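Novice: Below: one structure in C-alpha cells.
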Amino acid sequence: MELVKAIVFDIDGTLVYLPVKWNKVLEELINLGITDARSFLAIISRYHGTEIFHRINKIVEDEELKAIEKMVILDDSPTYVKKLCSKYKIGFVTMQSRNVAKKILQLLELDRCSHVVLTREEARTRIEQISKIIGILGVNPSEVLFFGDKIIDAIAAIVNGVKAVIILRGNVNLRISDTDDLEEDLEVLGIPIARDLRMAIEYAKSLKYIE
C-alpha cells in the first residue's frame, strides 16, 4: 500500500470536544424564521450561499466562541498531530466558523502545522470540504488520509476517493436495524472504526497508510 502525502483532520469531535449549546442555537435560528430543517448541518447545507447565511453563521459562531472556554482536548491530540506534521501535508476541516477554527488551532498550537483549513464559510458539506481540500493540497485523492468522527465523514471519504479512519466515541450502536450494520458496511468499503485518535493512527499504520 502506497503511503499518503497528506493527512486531513476534522476538528470538533476528532481533536477536541466543543460543548456548544445546540438547543439554544436552534432556538435562536427558529426565532430567525429557520423552521424547515431540524439540525444544524442541514441548516448550513440548505442556506449556504444565501443572503441569510451570514446571520445564521453569526448566531452559531457566538455560541461556539463561548464553548471554547470549556473545550476539551481529546486523546492528547496535539501531540499526535505535531508528530505527523513533520512528515505530511496537514489540513483541517470543520463545520465550525473560520474564526472559531483559527482560535482552536491556536490554542492547540497546531496553527503552524496547517497547510489549509476549510470551514463552513467555504463549503456547505463535508463532502464539498474534502473535495476542495484535495485540490488545495495538490495531491491525488488516493494520497490523502482523513480522520473524522461521523458517518458523513466516511461517506465524504468514499465519495472523494480518499483513505479514512473514523473515530466513534462513547456509546455507539452500529446495528441500526435488523438487517443493517454500519460497521460491516464500512469494513467492506475499507474504512476502519476506532474508539480514539491513538487507535485510529495505529489502524492507519497497520494499513500502511502512514509510517
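Novice: For ARG112, state whether it is at pLDDT below 95, in the same structural domain as LEU145 (by the TED database) and either under 18 Å from the mean Cα position of the chain (by Cα) or loosely packed, with under 15 Cβ neighbours inside 10 Å (or both).
Specialist: Criteria met by ARG112.
Novice: Of the conditions (1) assigned to a loop (DSSP other than H, G, I, E, B); (2) open to solvent by 50 Å² or more (accessible area, probe 1.4 Å); (3) not small (Gly, Ala, Ser), ILE127 clears all except one; give me its number.
Specialist: (1)
Novice: Which residues, counting only those in region 8-27, are crowded, with 19+ Cβ neighbours inside 10 Å and either under 12 Å from the mean Cα position of the chain (by Cα) or closer than 14 Å to ASP76 by Cα (or both)?
Specialist: VAL8, PHE9, ASP10, ILE11, ASP12, THR14, LEU15, VAL16
Novice: How many of the residues in region 123-143 are closer than 15 Å to TYR209 by Cβ and touching a strand residue (DSSP E or B) at 6+ places or on another chain (Cβ under 7 Å)?
Specialist: 2
Novice: Something else now. If you check every pair at least six apart or on different chains, which have Cβ atoms under 7 Å apart with a residue in region 33-46 that is open to solvent by less than 40 Å² (accessible area, probe 1.4 Å) first and a residue that is in a loop (DSSP other than H, G, I, E, B) and at pLDDT below 90 second?
Specialist: Within 7 Å, the pairs are ILE43/ALA37.
Novice: Could you list, in sequence order, all residues of region 48-87 that are open to solvent by 40 Å² or more (accessible area, probe 1.4 Å), hydroxyl-bearing (Ser, Thr, Tyr) and either closer than 16 Å to THR119 by Cα or touching a helix residue (DSSP H, G or I) at 6+ places or on another chain (Cβ under 8 Å) (or both)?
Specialist: The answer is TYR80, and nothing else.
Novice: OK, next. Answer with yes or no whether GLY135 is at negative phi, in contact (Cβ under 8 Å) with a residue 24 or more places away in the chain, among the small types (Gly, Ala, Ser) and not in a loop (DSSP other than H, G, I, E, B).
Specialist: no
The values are calculated or read from the model by the stated rules, or taken from the named source; none is laboratory data. Since this is a predicted model, take the numbers as computed values, not measurements. A quick note on method: Cβ atoms are made from the backbone with ideal geometry, for glycine too, and the neighbour counts reach across all protein chains shown. Keep in mind that these areas ignore ligands, DNA and RNA; they rest on the heavy atoms of the full protein, side chains included. Shrake-Rupley method; radii C 1.70, N 1.55, O 1.52, S 1.80 Å.
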